[in-house]
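Report on the following structure.
The values are calculated or read from the model by the stated rules, or taken from the named source; none is laboratory data. Predicted, not measured: the structure shown is a model, and the values here were computed from it. Cβ placement follows ideal geometry from the backbone for every residue including glycine, while neighbour counts extend to all protein chains displayed. In case anyone asks, the SASA skips ligands and DNA or RNA and just uses the protein heavy atoms, side chains included. Shrake-Rupley method; radii C 1.70, N 1.55, O 1.52, S 1.80 Å.
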Amino acid sequence: MLLIECNNIKKYYGDRLILDVEDLKIYDGDRIGIVGVNGVGKTTLINLLSQRLDPDEGFIRLHGIYSYVSQLDSPEGMDIDGEMASKFNIPNRWNEDMSGGEKTRFKLAEAFIENNPILFADEPTSNLDMEGIELIGERLQEFKGALLLISHDRSLLDILCNKILEIEHETIKIYTGNYSDYYEQKRIEMERKEFEYSQYSKEKKRIKAMINDTRQKEQGIKRPPKRMGNSEARLHKMGGQRAKANLNRAIKNMEKRLDRLEVKEKPIEQDIIKLDIQDANRLYSKIVIEGKNVNKSFKDKLIFKNAEFNIFNGSKTALIGPNGCGKTTLIKMIMNRDIGINIAKGAKIGYFSQDMNILDDRLTIIENVMNTSVYDETFARILLARLLFKRESVYKEVGLLSGGERVKVSFAKLILQDNNLLVLDEPNNYLDIKSLEVVEETLEDYEGTLLFISHDRQFVNKIANQIMTIENYKIKIFNGGYEEYIDRKKKIKNKNEHEEEIFILENRLSEIIGRLSMVLKDEEKEILDIEYHSILQSLRELREI
């Protein structure tokens, strides 16, 4: 069933064209992830499609009632029923003291109660920890209507979407499949463009060479010698003119072929970013950060009690866990070198905090970065261009930047400094997917030691080779990547559930044996005997696993 249709949509902000949508149709069952760089017009698009915003040109028809969930809007009501509150793990009454994640889940729960055929969700996982993101993902999988989702969480887009709508250069393009499918299709597109450009360049070069050769032949046709007789010279001249005319005709035909060649634009090649740590700045200590008898509490809330941990040289450690468990507290304790924290001699720490206080708002992007860079400006510009600050945009004052742009400049400034240890507190917040992938790629190749906090599962999975968690006031480290860590957790959970099931069955078996030793009616004894043998069989099977 057709739910939304639009034709020849144009939307301007002042003189700037933001969106130019020739044709778009959305049907029941479409689960569309909307992607594109920050500021490209993703929120503008869903505001147009939901008729919360009017287009400057074209028409939009909305066939059905919708729900709209965003970080900025307040909920329509103040209460939800207890069952829905339980499903979303939130209070059943709205209050301003709720966390950002709870407020988002409340608005989603309200949308589920409305049960409208269309749901617009603008970054519903912002401010959520990994557990919250997984919960939102599970709930949205249960939603049966059409979903239009703006998100920078690639794992979420993989789980939920059957189409990806990309906004680029004011236009849209729809790809079938989830985010991973879209990414693969984009890779194939790029390879095809490179091949087509290569073929175009070769053919253009070949035709130009043929034209030049033919011109040289034309110029090489000699005039008749002076000693030649008039009639003989006339014949020679006529032959030369015919040959010249033929060659000239051939040149014109080749020039037409050249003009008719379909022009293929050269694909933009991404410069490689390789961050080399100078030998003089390398750390040689085996342990870079050591924690012994680490204790911390805020009033009555205990965070750490006699906690211990080691961060090893060259490791890339992701500190993960639910909001409020103490992740940022631990990072600040490390930076402040609190009691129990030891940092290796020679460690030069680059620290990314959520307040991004390393930037000077009065300076331009390039001035901020180059103030502390140990790399030359050409290299700095390569990194900034990969982060979508190209050409003249590097001269923009930092005070005028959006939150996402400030994150990118902070990261660029930090990564180009003379550091051998990076401590990053949620460096992927507010980043569009393209910028996030550049940050990932840069940190994957980083040769120093890295400790970072992130709630982005794919980001953690790509970069980390160690997982750090805070559990029961202790700090635990798992040696391995995120997928291995999750597999280990599932095995432990399954083992615990398995042991609990055995324990319950053994207790029931003891109870039955006790009852069978009593004087019972034959019918009751027969029922207990059947259950006894059934439990024995179940225990045999469980113990063999």
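Using the Kirkwood radius built from alpha carbon pairs, what does the Stokes-Einstein equation give as D for the stretch 290-390 at 4 °C and 1.567 mPa s, in µm² per second?
Details: Rh = 16.7 Å.
After rounding, the answer is 78 µm²/s.
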Protection proxy (average C-beta count within 10 Å per residue), highest first, orders 139-147, 195-203 as 139-147, 195-203
Once the in-chain neighbours fewer than 8 apart are removed, the lysines whose Cα is under 27 Å from K292 read K301, K305, K316, K327, K332, K345, K348, K474, K476, K489
L62 and T328 label points (each 7 Å along its Cα→Cβ direction) are spaced in nm at 3.5 nm
Dividing the mean separation of Cα pairs under 8 Å (6+ apart) by the residue count of the stretch 277-362 yields a relative contact order in percent of 32 percent
Once E142 and E544 are pulled to full extension, the length gained, defined as 0.36 nm per residue separation minus their Cα-Cα distance, is 141.1 nm
Bridge orientation stat for the chain from DSSP, antiparallel percent rounded to 5, came to 55 percent
Highest mean packing first, using Cβ neighbours within 10 angstrom, the peptides 75-85, 374-384, 403-413 sort as 403-413, 374-384, 75-85
Per the charge dipole of the chain (beta-carbon charges, Lys/Arg positive, Asp/Glu negative, Cα centre), the residue among L359, L157, F452 reaching farthest to the positive end is L359
Taking 0.36 nm per residue of separation between L363 and D181 and subtracting their Cα-Cα distance, the length gained on full extension comes to 61.4 nm
Labelled set (1) 1.11; (2) 1.39; (3) 0.98; Cα Rg over 2.2 N^0.38 Å computed from this model equals the value at (2)
Under the 7 Å Cα-to-Cβ spin-label approximation, K525 and M335 lie apart by a distance in nanometres of 7.6 nm
Counting only protein heavy atoms and leaving out ligands, DNA and RNA, the solvent-accessible surface of M518 at a 1.4 Å probe, in Å² to the nearest 10, equals 110 Å²
Expressed as a whole-number percentage, the relative contact order of the stretch 390-545 with C-alpha contacts under 8 angstrom and at least six residues apart is 13 percent
Note, D529: beta-carbon cut-off 12 Å, +1 each Lys/Arg, -1 each Asp/Glu, net -3
With the dipole of the chain defined by +1 on each Lys or Arg Cβ and -1 on each Asp or Glu Cβ, the option from Y395, A380, L247 whose Cα lies farthest towards the positive pole is L247
Share of accessible surface on carbon and sulfur in the stretch 1-146, whole %, 1.4 Å probe and ligands ignored, is 43 percent
Here, A250 and E397, labelled 7 Å along Cα→Cβ, have an inter-label distance in nm of 6.6 nm
Out of P75, I46, I4 - ranked by how far each Cα lies towards the positive end of the dipole of the stretch 1-78, with unit charges on the beta-carbon of charged residues - the top one is P75
For the chain, the dipole about the Cα centre with charges only on Cβ (Lys and Arg +1, Asp and Glu -1), to the nearest 20 debye, works out at 4540 debye
For 363-372, 123-132, ranked highest to lowest by mean beta-carbon neighbours within 10 Å, the order is 123-132, 363-372
A correct Stokes-Einstein calculation for the stretch 12-162, using the alpha-carbon Kirkwood radius, 4 °C and 1.567 mPa s, returns a whole-number D in µm² s⁻¹ of 80 µm²/s
Probe 1.4 Å, heavy atoms of protein chains only: per residue, the accessible area of the chain in Å² is 56 Å²
In degrees rounded to 10, the 0-90 angle between helix 403-415 Cα long axis and the longest Cα principal axis of the chain is 80 degrees
Relative contact order as a percentage, the chain, C-alpha pairs under 8 Å and 6+ apart, gives 12 percent
